[in-house]
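Quick note: the coordinates plus some simple rules give every number you see, no bench work behind them. This one's a predicted model, so the numbers in the text were calculated from it and none came from an experiment. Cβ atoms come from the backbone with ideal geometry, glycine included; neighbour counts cover every protein chain shown.
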Amino acid sequence: MNKKEGLEKLNKEMLSCSKCALRANCNQVVPGEGNARAEIMLIGEGPGKKEDELGRPFVGAAGKFLDEMLSSIKMKREDVYIANVVKCRPPENRDPLPEEVETCWVWLEKQIEIIDPEIIVTLGRHSMERFVPGKKISSDHGKAFRREIDGLGKRIFFTLYHPAAALYNGSMRNVLIKDFKKIPKVLEKIKKEK
């Protein structure tokens, strides 16, 4: 089974998941989408209203900004893989609860295992906390961290503010774009170290 087939099979399994209370209150599970062989995997916190309606990650206003940032490094959605820490929309877009993140971990872990990206870009503090706990996004955004994760081995994580932050605070837009433009250099460095 190749990576694409592996992800398709996993996504089908995810669509029938009802292990936590989030599933009862959302329209649909939003597994993720993109290139099964992506070098870059972007991980947000959870689906919003638009994502819940369409079943795709990052399709609202924050998604449009994410597309713009990808374009700034000469990439498209089809070049990366985009997922979330939780696969179902939390009610009223509240933050995902620790037990919800924990329940969904099995899905995210399998996605990372199949795709095996060179770099995982965390979008927002919930995603960052899942992979690089104990850090503050205000001081650690735009930085790369090497961590060993049980079941996933050594991985490189690059921490960013969530694209939605720029929608609520215009000055964050430039910070996010500047941080995002570091990704190709970090990726290049990772490849040289191999």
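With a point put 7 Å past each Cα toward its Cβ, work out how far ARG146 is from GLU109 in nm, to one decimal.
With each label placed 7 Å out from Cα toward Cβ, I get 2.4 nm.
Below 8 Å between Cα atoms, with a sequence gap of 6+, how large is the relative contact order for the chain in percent?
Across the chain, relative contact order equals 22 percent.
Suppose every K and R has +1 on its Cβ and every D and E has -1 on its Cβ; what is the size of the dipole of segment 20-90 about the Cα centre, in Debye to the nearest 20? Don't skip to the end; give the middle numbers.
Details: 11 positive and 10 negative charges, 27 e Å.
I would put it at about 120 debye.
Assuming a viscosity of 1.306 mPa s and a temperature of 10 °C, what translational diffusion coefficient in µm² per second does Stokes-Einstein assign to segment 3-193, Rh being the Kirkwood radius over Cα pairs?
After rounding, the answer is 96 µm²/s.
Label-point separation (nm) for LYS19 and GLU68, each offset 7 Å from Cα along Cα-to-Cβ?
3.7
About the Cα centre of the chain, what is the dipole size in debye to 20, counting +1 per Lys and Arg Cβ and -1 per Asp and Glu Cβ, all else neutral?
660
Where does the chain land at 222 nm, in deg cm²/dmol rounded to the nearest 500, when only DSSP H runs of n ≥ 4 count, each adding -39500 (n - 2.57), divided by all residues? If you can, show how the numbers build up before the last one.
On the way: 9 runs with 86 residues, N = 194.
Taking each H run of at least 4 residues, the total per residue is -13000 deg cm²/dmol.
Got a sec? How would CYS104, CYS26, CYS17 order by Cβ neighbour count within 10 Å, fewest to most?
Numbers: CYS104 24, CYS26 20, CYS17 17.
So the ranking, lowest neighbour count to highest, is CYS17, CYS26, CYS104.
Exceeding 28 Å between C-alpha atoms, which entries from my cross-link table qualify? They are LYS87/LYS192; LYS19/LYS189; LYS9/LYS192; LYS136/LYS181; LYS4/LYS143.
As for pairs spanning more than 28 Å Cα to Cα, those are LYS87/LYS192; LYS19/LYS189; LYS9/LYS192; LYS4/LYS143.
Just rank ASP52, ASP140, fewest to most, by other beta-carbon atoms within 10 angstrom. Display every interim value, and only then the final one.
On the way: ASP52 22, ASP140 15.
Least crowded to most crowded, the residues run ASP140, ASP52.
Starting from the Cα gyration tensor of segment 83-146, take the square roots of the eigenvalues, sort them a ≥ b ≥ c, and report rounded, prolate or oblate (rounded when a/c is under 1.5, otherwise prolate if a/b is larger than b/c, else oblate).
It comes out oblate by the Cα gyration axes.
Determine the sum of side-chain charges near LEU10: Lys and Arg each +1, Asp and Glu each -1, restricted to other residues whose C-beta is under 10 angstrom from that of LEU10.
-1
Treating the beta-carbon of each Lys and Arg as +1 and of each Asp and Glu as -1, no other charges, what is the dipole magnitude of segment 48-125 about its Cα centre, to the nearest 20 debye?
Charge dipole of segment 48-125: 340 debye, to the nearest 20.
Pick out, from PHE131, PRO117, VAL59, the residue whose Cα sits farthest towards the positive end of the charge dipole of segment 47-140, with +1 on the Cβ of Lys and Arg and -1 on the Cβ of Asp and Glu.
Of PHE131, PRO117, VAL59, it is VAL59.
Using Cβ counts within 10 Å as a stand-in for footprinting exposure, how do ARG125, ARG89 rank, fewest first?
Ascending Cβ contact count within 10 Å gives the list ARG125, ARG89.
Sorted from largest to smallest, which semi-axis lengths in Å does the alpha carbon gyration tensor of segment 1-78 give for its equivalent ellipsoid, taking the root of 5 times each eigenvalue? Provide the component values of the computation, followed by the final result.
Numbers: eigenvalues 104, 69, 13 Å².
Ellipsoid semi-axes (Å, largest first): 23, 19, 8.
Using a Gaussian network model of the chain with C-alpha springs under 10 Å, which one of MET75, MET41, MET14 is most mobile by mean-square fluctuation?
MET75
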